[in-house]
Structure formats: C-alpha cells, structure tokens
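Data block below; observations after.
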C-alpha cells in the first residue's frame, strides 16, 4: 500500500509540474495562417461607425494610407487638430465600401482555426505565429508582449476576444525575427482601450468602439465597426506592408530507371552487363554516371534535374534493340520535377545462321567488237571447150535432169514405133 501511495504521489507531482510548465511557457500554435484580406480598408488608418472624436494634436499617416473614414455617422469632432496624410471620407461611398470590407475582415479573423487558448495577460510573454484566444474572453497587456516570427516575415498573428482588449499605461508590443505589424490582427468582440503612452502594434477590428488614451501610439489601424473612435494626442502610422520575396525552392528532382533486358533464344549468350547504356542531355552531354553497364530490372537509377534526356546503348553485334517504357522509340524522354519514370532497352539475339542478305552485283558484260568481213566474189575463169565436149560446169542435179529428158525422149520414140506396127 505504501508503494502504491508513493507512485500516486509521483504521478501527482508530475501532473502539477506539467501544469506549471504549461502556465509559465507560452503555447505555440504551429498552424500556418494566411493573412486577413483588408480590402479597401487597407488605406484607412482610422475608420468608425458612429463618431470620431479627437483631443489634442493627433497625427495620422503611413505609406499604406492615412485616410480617415466614418459611416454611417457624420460627426468628426476635433478634426481641425488632426493632421492626416490621406483623405477624410464622411458617409460617402468610399467610406461605405470600406465599412463593408471591415465587416468581411472582422468575420474572417473571428472564424480562424485552429485556436490556441492562452492566458488573459499577454505582457511578459513571447508568442509565435498562430491564432489565440483566452478563457476569459479578454486580453490585457501589461509590460511588453513579444511577437517572434521565427524568421518568417509572412507569419500571421491573430488574437480573438469575445469582449475587450486593454493595454496598460506604458505597455509595449515588440516585434522580432521578421514579425510585422501588417500580419498582426486583433478581433475584439466589444471595445478596445489603449493605455496612456502605450505602444500598440497591429490592426484592431472592434465590433463596438476604440479608445486611444493620451500619448498612445499605434503602428497599424483603428477600425471600429459600429461605435466611435476616440483619439487623444496620438500618432497613428498605417505603414505599407511590402510583399516578401518567396523562399527560393529548388525544384524537386526527377527519378529515371534505365533497365537492360536481354533475350537469348537463338543461341547467343550475352548478358545485361555486356551492354553499355548512356543517359545524355538533349544536347548530347553524358549525365553523371553515364555510360554504365546494363542492369536487368530494377535497372540503374538516375536522379536528374527536370529536362529532356536521351537513353541509348553502345553498338553490340548479333542483337536487335527495342526501346520501350516512358520514352519514345528513340529513347527521348522529358522529365518534370518529381517524375518517376522508366526506360527499358530490350535486346533479342539474332540466329547465328541468319546472315544479312548478300547483294549480288551482276558483272558488267562488254559486247565484243565485231569487225565486218569483206567478201570478195570468186573470180570465174572461162575456158574454151575443144573437141565438141561440153564444159564440166553442171551440177549433179543438172546431170540428172538431163538424163531424165533423154529417157523421156527415148520412151516417146519407142511408143510411136509400137503403135505403127500394130
């Protein structure tokens, strides 16, 4: 039982210690918030719903705009003692439009989530960008509230109250590490009161009224939706909020897998590593690691900047090559940032007995040169026949014809003689 009580005591002590730490240390909201859109209210340093009252010498200026507006009210008391760098709009269309935009901005800030709940008293604390409210529904600043943007000039601070915002005499808001007044917003459910000689930073959107006591200075805006704005020897600077340069973000690299696949179905024996693979820029420059021996799936992985590349291989006899995957048939591939693509070069062996076709060129035949033959007619020698003998000039055919004629004549003579004796 004693051991159990001891464990309970330790547990209680740890719980109390955690509670003390939570109270003593500011709670940081990690949720990134966009800025609140001010619309046409951005040029107004002071904007009220019912009246504007000024006592003493008040200066209103700022590069973002030193305008003063009032709508639907029309009474601007002590205006002669106010020096404003901008224009004064009393119940005119410009003031009406600005009031409408104020309602939009107020509702935007009031609806921001997630919300970190902190203590009512903000003095003596350091807060980072986020959205804050309090259990009491009010905020107070005694001493100094430090806003730390942690190096992010676009870090947004939003403070939401269900009722009031009050700052003590001489209180201060200090901006460090890139924090800016134009990214600090105070949505107040009723009224805001700024203490004597206090220094306030940010845009106040009050549902009711805003009072700046004697000597209070404001870097930002005093915008009251329905009630009055009361001034007393104040300086209000509505400075311009210059856009910040976006951080330089290097584009995400692309991943390229190059696979070499070898098919040996015709008796050859090459393997993937026998082939050299290239990854070149579109200008023909080898990327780091190229060329490299081929690797079967999953292949060789290259981490490349976005761009256009060509995947190829060295010459290797006896194989047909085919490129497939995310490239075109020539191996050209375009990679965007973050791409993860694959190119496969498949080599299929050619049968050993299949030879490339032989182109036979027929021989050139030169025709022979024919020399025409000159035929000389024979010389006929005429001889003189003596002794009544015919010249021996006949051919055997002629001789047969002559014999035939003689025999015919003999036959005819014989036939006639026979007829006579009969």
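The values are calculated or read from the model by the stated rules, or taken from the named source; none is laboratory data. Since this is a predicted model, take the numbers as computed values, not measurements. Cβ placement follows ideal geometry from the backbone for every residue including glycine, while neighbour counts extend to all protein chains displayed.
Tabulated data
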| item | result |
| --- | --- |
| Residues that are closer than 29 Å to residue 338 by Cα and surrounded by 14 or more Cβ atoms within 10 Å (Cβ to Cβ), drawn from the range 306-318 | 306, 307, 309, 310, 311, 312, 313 |
| Qualifying position, being more than 25 Å from residue 216 (Cα to Cα), surrounded by fewer than 15 Cβ atoms within 10 Å (Cβ to Cβ) and touching a strand residue (DSSP E or B) at 6+ places or on another chain (Cβ under 7 Å), among 110, 135 | 135 |
| Some residue of the range 239-246 being surrounded by 18 or more Cβ atoms within 10 Å (Cβ to Cβ) and in contact with a strand residue (DSSP E or B) (Cβ under 7 Å, 6 or more places away or on another chain) | no |
| Hits in the range 287-301 (condition: within 27 Å of the chain's Cα centre (by Cα) and either assigned to a loop (DSSP other than H, G, I, E, B) or loosely packed, with under 12 Cβ neighbours inside 10 Å (or both)) | 287, 288, 289, 290, 298, 299 |
| All strands (runs of 3 or more DSSP E) inside the range 92-196 with 3 or more residues being under 23 Å from residue 224 (Cβ atoms) | 130-134, 139-141, 157-161, 165-167, 184-188, 192-194 |
| Candidates 97, 131, 126, 120 - the one that is in contact (Cβ under 8 Å) with a residue 40 or more places away in the chain and closer than 22 Å to residue 168 by Cα | 126 |
| Residue ID - nearest to residue 225 (Cα to Cα), chosen from residues in the range 62-77 that are modelled with pLDDT of 95 or more and surrounded by fewer than 16 Cβ atoms within 10 Å (Cβ to Cβ) | 72 |
| Residue in the range 156-165 that is surrounded by fewer than 18 Cβ atoms within 10 Å (Cβ to Cβ), in the same structural domain as residue 226 (by TED's automatic domain parsing) and modelled with pLDDT of 95 or more present | yes |
| Within the range 47-61, considering residues that are surrounded by fewer than 20 Cβ atoms within 10 Å (Cβ to Cβ) and in a strand (DSSP E or B), the one farthest from the chain's Cα centre (by Cα) | 55 |
| Tally, over the range 257-282, of residues that are loosely packed, with under 15 Cβ neighbours inside 10 Å, assigned to a loop (DSSP other than H, G, I, E, B) and at negative phi | 6 |
| The range 142-154: number of residues that are touching a residue at least 40 places away in the same chain (Cβ under 8 Å) and buried (at least 21 other Cβ atoms within 10 Å of the Cβ) | 1 |
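Quick grid of which residues meet (1) in contact with a strand residue (DSSP E or B) (Cβ under 8 Å, 6 or more places away or on another chain); (2) farther than 24 Å from residue 65 by Cβ; (3) not assigned by TED's automatic domain parsing to the domain that holds residue 231:
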site: 93; (1), (2), (3): no, no, no
site: 106; (1), (2), (3): yes, no, no
site: 123; (1), (2), (3): yes, yes, no
site: 146; (1), (2), (3): yes, yes, no
site: 170; (1), (2), (3): no, yes, no
site: 181; (1), (2), (3): yes, no, no
site: 187; (1), (2), (3): yes, no, no
site: 204; (1), (2), (3): yes, no, no
site: 208; (1), (2), (3): yes, no, no
